[in-house]
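The values are calculated or read from the model by the stated rules, or taken from the named source; none is laboratory data. Just so we're clear, the structure is a prediction, and the values are computed from it rather than from any experiment. Here Cβ is always computed from backbone atoms with ideal geometry, including for glycine, and neighbour counts include all displayed protein chains. Accessible surface areas use protein heavy atoms only, side chains included; no ligands, DNA or RNA. Shrake-Rupley method; radii C 1.70, N 1.55, O 1.52, S 1.80 Å.
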Amino acid sequence: MTTETWQQARTALVAWWRRIRPQQASRVDAALVECRNRVQTARRAGDENAESQLVAAWRSRLNALLRDDPSLVDELRRLIDEEITPLLRHGDGSRTGSHEFRAEASGHGRVFQAGHDQHIHES
């Protein structure tokens, strides 16, 4: 959320919102700027809970929009798949994208995988 990628994603989302709900576009743009500031503050403080709450709030906002107008589902999916997700793949890579883990253990083997911090304490 601190890169040029963030600006491009914000521009794409606001442009989409301007097409579907023009009267709300300015408020959405301001809310995205505020969200970015709050995420940056949370990251500096190491507050993952605050960041998760912001993600949940936007998820809720988008779900409410789709509940009010289910015909927007395909448009939102296209926006995410074709405009926003490619930005995440080509951005700076910090906390974006997805990871796929595959492992196989046999015999007495063990596998430990994590997408975030992992702490293993053995006696």
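Taken over the stretch 34-62, the criterion of being under 20 Å from residue 80 (Cβ atoms), out of contact with any Cys (no Cβ under 6 Å at 6 or more places or on another chain) and surrounded by 11 or more Cβ atoms within 10 Å (Cβ to Cβ) is satisfied by 35, 36, 39, 51, 52, 55, 57, 58, 61, 62. In this structure, residue 67 does not qualify as assigned to a helix (DSSP H, G or I), open to solvent by 70 Å² or more (accessible area, probe 1.4 Å), at pLDDT below 90 and among the basic types (Lys, Arg).
Among residues of the stretch 70-81 being surrounded by 12 or more Cβ atoms within 10 Å (Cβ to Cβ) and touching a helix residue (DSSP H, G or I) at 6+ places or on another chain (Cβ under 8 Å), the one that is nearest to residue 8 (Cα to Cα) is 79.
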